[in-house]
Amino acid sequence: AYESSLEPVLVDRNDYQTFKGWAASWAQQTGIDLKLPDQLKAPREKYRRYRVVNKWLVEDGFTQTVHLEFRSNKQKQIKPGDLLAIQPTPTEEPRLYSVGKLSNGNLFLAVKKHPYGKVSSLLYQLSIGDSFKGAHRESTHFRFPHTAPKVIMIANGTGVGPFVGMVNDQASHVP
């Protein structure tokens, strides 16, 4: 049986420096020469400013969800189901959110507020007229099927954003 004299450490999946410190302690204890890079190399992304044009809150007695309608002056051709990477701080890993697109061309997110969530709290605190930075990531795997005669969509509350966009997009193709 394996035993460790190291105390347990909670490592947020987006906190590389905490993980790196734990790994150095583990390497020293085990005598294994473990080499980790100083920083993780994330893909270089172009972050753009998005401005909130509408916001509404949904509270069901258990959770709080913020619905944001937003846009950018330099908005790329974002499709429903694409991802928006949002960093809590410039040194932290971005969180990814599936984006919906409304019939007026604005983008849409539905985000559940987590008690210790950095980005969900940031988004929850935004007001109409405020802005935030995000980077578009194309998603080719989460698209509305064009050849299916019928589609069943299942989402867990905050996952409705891309489906709202997909339904709006399909409605624009129906005569």
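Some observations on this one:
- Sole exception among (1) open to solvent by 20 Å² or more (accessible area, probe 1.4 Å); (2) touching a residue at least 12 places away in the same chain (Cβ under 8 Å) for S121, by number: (2)
Matching residues to (1) in contact with a Ser or Thr (Cβ under 9 Å, 6 or more places away or on another chain); (2) at pLDDT 85 or above:
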position	(1), (2)
E59	yes, yes
N73	no, no
K76	no, no
I86	no, yes
R95	yes, yes
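- Per the listing K46, K55, K35, K41, the residue uniquely at pLDDT 85 or above and open to solvent by 80 Å² or more (accessible area, probe 1.4 Å) is K46.
- Selection status of Q170, part of a loop (DSSP other than H, G, I, E, B) and either open to solvent by less than 80 Å² (accessible area, probe 1.4 Å) or at pLDDT 75 or above (or both): no
- Residues of segment 64-112 that turn out to be assigned to a loop (DSSP other than H, G, I, E, B) and open to solvent by 40 Å² or more (accessible area, probe 1.4 Å), as a count: 13
- Selection from segment 124-147 of residues that are at pLDDT 90 or above, open to solvent by 50 Å² or more (accessible area, probe 1.4 Å) and not in a strand (DSSP E or B): Q125, S127, I128, D130
- Applying the condition of being within 17 Å of P88 (Cβ to Cβ) and of a type in the set (S, T, Y) to segment 1-25 and asking which residue is modelled with the highest pLDDT yields T18.
- Residue check for T158: at pLDDT below 85, under 17 Å from T65 (Cβ atoms) and of a type in the set (S, T, N, Q): yes
The values are calculated or read from the model by the stated rules, or taken from the named source; none is laboratory data. This structure is a prediction, so every number in the text was calculated from the model and none was measured. FYI the Cβ positions are ideal-geometry reconstructions off the backbone, even for glycines, and counts take in every protein chain you see. Only protein heavy atoms, including side chains, enter the accessible area calculation; ligands, DNA and RNA are left aside. Shrake-Rupley method; radii C 1.70, N 1.55, O 1.52, S 1.80 Å.
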